[in-house]
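Here is the structure we will look at.
The values are calculated or read from the model by the stated rules, or taken from the named source; none is laboratory data. Treat the numbers as computed from the prediction; the structure is a model and nothing was measured. We place every Cβ from the backbone using ideal geometry, glycine too, and count neighbours over all the protein chains shown.
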C-alpha cells in the first residue's frame, strides 16, 4: 500500500495490512480494515466499512453508508448503491461467535445493486445483473437479470449498459445505447455482438 497512489480523506481510518490499488478514493469517516484488497480506481463513499478479507476488483463504486462484510467478493466494475446491505451469517446471534461460519457472497463483473437493497449471504449476483432499490436478494441472480422486490423476483433482462432488453421473435435484443445484441437462450442471456 503506497499512500501517495490513492486519496484518503483525513477522517478515514485505514488499518495496516490492507491492500489499496492506484487512484482509489476513500471518503469521509470510512474504515478500511486489515487483509482486505481494494483494486485500482475504486471509489469508497462516506461512512463505508470494508471488513477483513473483502476483495473489491477494479473500478468498484461503493456509495455512502455501505458495510462490506467478511465473505464478500466484488469483481470489476461493480456498483453498490447507497445504504445497501450485505450479510455474512445465515443465523446470527449476539451471544454466539460464528466468525468461522461466514458465508461467501460473490458479485460478478458489472453488476449493480440499488440503494437500500439487502443481499442475504451465500448468493451469487451474476454479471451485469441489476438489483432494484430496496430489493431483498434471497437466491442467486442470473447474469443480465433485472430483479426487484422483497423477496426479489426477476422481471426482465438488462444490457451491459443497464437498459431493459426487449427480445424479438428470434430471441434477439439490441441495447438502445450501445447497439450491442443479446440472445435469450434457455433462460440465459448471452451477448452476441
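Observations
- Members of region 35-50 found to be touching a strand residue (DSSP E or B) at 6+ places or on another chain (Cβ under 6 Å) and either closer than 12 Å to residue 25 by Cα or part of a loop (DSSP other than H, G, I, E, B) (or both), listed by number: 36, 38, 39, 42, 43, 44, 45, 48
- Pairing residues of region 169-185 that are on the phi > 0 side of the Ramachandran plot and outside any strand (DSSP E or B) with residues that are at pLDDT below 95 and surrounded by fewer than 14 Cβ atoms within 10 Å (Cβ to Cβ), at Cβ distances under 9 Å and at least 6 apart in sequence or on separate chains, gives 179/193.
- A count restricted to region 157-168 and to residues that are surrounded by 14 or more Cβ atoms within 10 Å (Cβ to Cβ), on the phi < 0 side of the Ramachandran plot and within 23 Å of the chain's Cα centre (by Cα) stands at 7.
- Filter result for residue 24 (touching a helix residue (DSSP H, G or I) at 6+ places or on another chain (Cβ under 9 Å), at pLDDT 95 or above and buried (at least 16 other Cβ atoms within 10 Å of the Cβ)): yes
- Filtering 44, 89 for residues that are without any contact (Cβ under 8 Å) to a residue 60 or more places away in the chain and in contact with a helix residue (DSSP H, G or I) (Cβ under 7 Å, 6 or more places away or on another chain) leaves a single hit, 89.
- No other residue among 116, 150 is under 22 Å from residue 83 (Cα atoms), surrounded by fewer than 18 Cβ atoms within 10 Å (Cβ to Cβ), free of Cβ contacts under 8 Å to residues at least 40 places away in the same chain and within 16 Å of the chain's Cα centre (by Cα) apart from 116.
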